[in-house]
Amino acid sequence: MTKTELRQIWEKTQGHCHFCGDPVQFDKRGWRDGDLAGYWDVDHVIQKDKGGSVQADNCLPACTRCNRLRWHRKGEQMRELIFLGLIARDEIRQQTGVGRVLAQLREARLTKNKLRRKRSDGNRVQE
Ligand SMILES: [Zn+2]
């Protein structure tokens, strides 16, 4: 992938992870051990093995942390994330104090992410 294509992908979200909305720095791309702040990689919206293109139009920036959560967690770690997600979902559904805060945080992140994507390329990215 050329630097121009990488820049196009990075600019789609104005340099933010398309999952969590955290900022990523263009020059901090890829994998590393230790502090992952600002690191990102190319995420294929439609997976390559499901027929997704490898071109920039099928790609968005994902921070390394989210990319690792998605692809590199196994067994126990995945169960913990799902378990926490289920607890959070139940709190939101029951509209507890914690649930209301979680729902607000979730909405704020989703709204920010959507606004960034609309502004950057004028088109809404398919979710
Ligand atoms: Zn992220």
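Here, each number is a calculation from the coordinates, and none is a lab measurement. All values derive from a computational prediction rather than experimental measurement. We place every Cβ from the backbone using ideal geometry, glycine too, and count neighbours over all the protein chains shown.
Structure summary
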item	result
Contour minus Cα-Cα distance for residue 93 and residue 35 (0.36 nm per residue)	17.4 nm
Rough spin-label spacing in nm, given labels placed 7 Å along Cα→Cβ, for residue 3 and residue 27	1.1 nm
Peptides ranked, highest mean first, by Cβ atoms within 10 Å: ranges 13-19, 107-113	13-19, 107-113
Long-range amide H partners of residue 16 with built H, under 5 Å	24
Positive-end residue, the chain charge dipole about Cα centroid, Cβ charges, pick of 62, 14, 115	115
Approximate spin-label separation residue 80-residue 55, in nm, with each point projected 7 Å along Cα-to-Cβ	4.2 nm
Amide H contacts of residue 29 (H built 1.01 Å from N, under 5 Å, at least 5 apart or other chain)	40
The chain: Cα Rg divided by the 2.2 N^0.38 Å rule of thumb	1.15
